[in-house]
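Engineer: Sharing a structure here in structure tokens format.
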Amino acid sequence: LYNLGFIRDIVIDPSNNNFMFICSEEGLFRVNTFDNNLEELLSGDILELEFHPTNSDIIYTIIKLDNKTEFFKSTDFGLTFELYNNGWPNPGPNEEQLRSEISVSLNNPDRIVALTTGSANGGSGLYGIYISDDQGENWEFRCCGDQPAGVPSEENMNLMGWSHEGTDDGGQYYYDLALAVNPNNADNIHVGGINHWVSNDGGYSFICPSK
């Protein structure tokens, strides 16, 4: 028997609904509902899982480890996973980056959008919006400002705060987060913490339509 602990995400294989993936604080598990078999694929605190939009053998997942999150990819339906961290958030001493949400779009199937939150450079809330256009092998920081986190301002907006201008610190960044990419337009990104933020340029800039 496996101890699944606190379950964070459940995802069904889009190409075969006999397979279900469970992300929990104890690991990543795959369930074959046809023969009622459960197997552990990864150990650790698993936050999130996404399938490549056109190839379900490719699986992306996020693991929380110490003061940061890590991105892993499988190209063999979860048999093996590899860490990819080129450009991925890397908090320094006395900094942390403990939540990441990822999303994909059929419009640009090799793109992955990551919403990362934490505390660094004197500010907390949004750590950064990161984009990969090569299935997670390389990552680019796009928003907001010119560094992760930092003191919020009009030039360095905190998308996790209460202000619709993004100028306050903190907010909802270690609780429920929402991230979605338009399936017909991969440059149209929606982020939700306390407010709803929208990017129409691939994550370089955001507006808050609720203001």
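Engineer: When you check ASN36 against the structure, is it modelled with pLDDT under 95 and either closer than 20 Å to GLN135 by Cβ or not β-branched (Val, Ile, Thr) (or both), yes or no? Before the answer, list the steps.
Structural biologist: Details: modelled with pLDDT under 95: yes; either closer than 20 Å to GLN135 by Cβ or not β-branched (Val, Ile, Thr) (or both): yes.
Answer is yes for this residue.
Engineer: Suppose we filter ASN188, ASN184, ASN158 for residues that are under 15 Å from ARG111 (Cβ atoms), of a type outside the set (A, V, I, L, M, F, W, C) and within 18 Å of the chain's Cα centre (by Cα); which single one remains?
Structural biologist: Testing whether each residue is under 15 Å from ARG111 (Cβ atoms), of a type outside the set (A, V, I, L, M, F, W, C) and within 18 Å of the chain's Cα centre (by Cα) leaves just ASN188.
Engineer: OK, next. Just name the residue that is farthest from the chain's Cα centre (by Cα) out of those in region 197-208 that are open to solvent by less than 80 Å² (accessible area, probe 1.4 Å) and not polar (S, T, N, Q).
Structural biologist: Ranking the candidates gives CYS208 first.
Engineer: Would you tally the residues in region 104-154 being closer than 17 Å to PRO183 by Cα, among the charged types (D, E, K, R) and open to solvent by 40 Å² or more (accessible area, probe 1.4 Å)?
Structural biologist: Selection size over region 104-154: 2.
Engineer: Give me a count of the residues in region 90-103 that are open to solvent by 10 Å² or more (accessible area, probe 1.4 Å) and either more than 17 Å from GLU50 (Cα to Cα) or among the aliphatic types (A, V, I, L, M) (or both).
Structural biologist: 8
Engineer: Given the structure, is LEU159 among the hydrophobic types (A, V, I, L, M, F, W, C), over 14 Å from TRP88 (Cβ atoms) and touching a Phe, Trp or Tyr at 6+ places or on another chain (Cβ under 6 Å)?
Structural biologist: Yes: the conditions hold for LEU159.
Engineer: Moving on. Pick from region 61-76 the residues that are part of a loop (DSSP other than H, G, I, E, B) and within 19 Å of the chain's Cα centre (by Cα): which of them is farthest from ASN3 (Cα to Cα)?
Structural biologist: Step by step, filter region 61-76, then rank; the result is THR75.
Engineer: From the list VAL191, VAL181, which one is over 16 Å from GLY118 (Cβ atoms) and among the aliphatic types (A, V, I, L, M)? Explain how you work it out, then say what you get.
Structural biologist: Working: VAL191 fails: over 16 Å from GLY118 (Cβ atoms).
Every option except VAL181 fails the conditions.
Engineer: Hey, another quick one. Could you identify the single residue in GLY161, GLY128, GLY123 that is closer than 23 Å to LEU49 by Cα and in contact with a Pro (Cβ under 7 Å, 6 or more places away or on another chain)? Step through it out loud before you land on a result.
Structural biologist: Values: GLY161 fails: closer than 23 Å to LEU49 by Cα; GLY123 fails: closer than 23 Å to LEU49 by Cα.
The match here is GLY128.
Engineer: Filtering region 155-175 down to residues that are among the acidic types (Asp, Glu) and touching an Asp or Glu at 6+ places or on another chain (Cβ under 9 Å), which residue is surrounded by the most Cβ atoms within 10 Å (Cβ to Cβ)?
Structural biologist: It comes out as GLU165.
The values are calculated or read from the model by the stated rules, or taken from the named source; none is laboratory data. The model shown is predicted, which means the values in this text are computed figures rather than measured ones. Here Cβ is always computed from backbone atoms with ideal geometry, including for glycine, and neighbour counts include all displayed protein chains. For the accessible areas, the whole protein counts, side chains as well, though only heavy atoms, and no ligand, DNA or RNA atoms are used. Shrake-Rupley method; radii C 1.70, N 1.55, O 1.52, S 1.80 Å.
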